[in-house]
Amino acid sequence: MNPADPSSAERVIGEILELHAHAGPLAQDLLLPVLHAIQDRLGFIPPAAVEGLSRSFNLSRAEVHGVITFYHYFKTTPPAHCTVQICRAEACQSMGGDALLAHASQALGCALHAHTADGGFALEPVYCLGQCATAPAIMINDAVHARVTPDRFDRLLAQATRAGEAA
């Protein structure tokens with residue numbers, strides 16, 4: 001399944017709505033669980049889904065869009081193949097996190113909340129990885145790395161690039 005394909009995304013969203021509508025009309029308190037399920041399956045919430053969700057929940061498009069954009073967890077664009085998250089919490093900042101972020105941004109060629117030109121990497125902030133004693137910390141996809149220097153970042157990025165080419 002290609003999550004960026006509109007017909008494929010519509011089918012997935014329809015399946016999710018059916019699962020949650022087992023007891024009749026969808027109650028508005030089910031919007032968040034439905035949005036989470038969509039993001040879990042597709043990796044993002046397609047903007048085209050807002051109209052159908054608004055009808056299903058008897059909400060305005062603005063209300064559904066407002067919920068999606070209020071929560072930073074929800075993404076409205078397809079995810080990159082590799083997400084690099086740099087801890088922005090105080091402990092990591094005090095141990096070189098700002099310099100590491102500047103290096104990562106330059107190495108990737110994109111700013112925070114952005115994708116690389118080829119869409120392969122996304123650079124995102126995270127506000128604590130629980131690695132305060134071994135700061136600065138980053139997470140590449142689901143793997144946490146601590147005591148990350150610019151040199152170590154470059155090595156981790158090269159590994160992630162090779163892993164992406166093998167996939």
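The values are calculated or read from the model by the stated rules, or taken from the named source; none is laboratory data. Here the structure is a predicted model, which is why all the values come from computation and not from measurement. Positions of Cβ are backbone-derived with ideal geometry, glycine not excepted, and every protein chain shown enters the neighbour counts.
Being in a strand (DSSP E or B) and more than 11 Å from residue 83 (Cα to Cα) is the requirement here; does residue 144 meet it? If you could, list the steps in order and put the result at the bottom.
Values: in a strand (DSSP E or B): yes; more than 11 Å from residue 83 (Cα to Cα): yes.
Considered against the rule, which asks whether it is in a strand (DSSP E or B) and more than 11 Å from residue 83 (Cα to Cα), residue 144 comes out as yes.
Please give the helices (runs of 4 or more DSSP H) falling wholly within region 1-89 in which 3 or more residues are modelled with pLDDT under 95, out of contact with any helix residue (DSSP H, G or I) (no Cβ under 8 Å at 6 or more places or on another chain) and not small (Gly, Ala, Ser). So that I can check it myself, show each step before the final result.
Working: elements: 6-20, 31-42, 49-57, 61-70.
Once the helices (runs of 4 or more DSSP H) in region 1-89 are filtered for at least 3 residues that are modelled with pLDDT under 95, out of contact with any helix residue (DSSP H, G or I) (no Cβ under 8 Å at 6 or more places or on another chain) and not small (Gly, Ala, Ser), what remains is 6-20.
Among the charged types (D, E, K, R), under 20 Å from the mean Cα position of the chain (by Cα), outside the structural domain of residue 158 (by TED's automatic domain parsing) and surrounded by fewer than 19 Cβ atoms within 10 Å (Cβ to Cβ): does that describe residue 11?
Values: among the charged types (D, E, K, R): yes; under 20 Å from the mean Cα position of the chain (by Cα): no; outside the structural domain of residue 158 (by TED's automatic domain parsing): yes; surrounded by fewer than 19 Cβ atoms within 10 Å (Cβ to Cβ): yes.
When the stated conditions are applied, residue 11 does not pass them.
Which one of these is free of Cβ contacts under 8 Å to residues at least 12 places away in the same chain and more than 18 Å from the chain's Cα centre (by Cα): 99, 62?
Values: 99 fails: free of Cβ contacts under 8 Å to residues at least 12 places away in the same chain.
Result: 62 is the single residue among 99, 62 that is free of Cβ contacts under 8 Å to residues at least 12 places away in the same chain and more than 18 Å from the chain's Cα centre (by Cα).
Return the residues of region 122-141 that are free of Cβ contacts under 8 Å to residues at least 24 places away in the same chain and either assigned to a strand (DSSP E or B) or not small (Gly, Ala, Ser) (or both); say none if nothing qualifies.
Listed by number, the list holds a single entry, 134.
Working only within region 114-128, note down all residues that are out of contact with any strand residue (DSSP E or B) (no Cβ under 6 Å at 6 or more places or on another chain) and charged (D, E, K, R).
118
For region 90-121, which residues satisfy the criterion of being hydrophobic (A, V, I, L, M, F, W, C) and either under 15 Å from residue 156 (Cβ atoms) or in a loop (DSSP other than H, G, I, E, B) (or both)?
First pass over region 90-121, keeping only residues hydrophobic (A, V, I, L, M, F, W, C): 91-92, 95, 99-102, 104, 107-108, 110-112, 114, 117, 121.
Within region 90-121, 100, 101, 104, 107, 108, 110, 111, 112, 117, 121 qualify.
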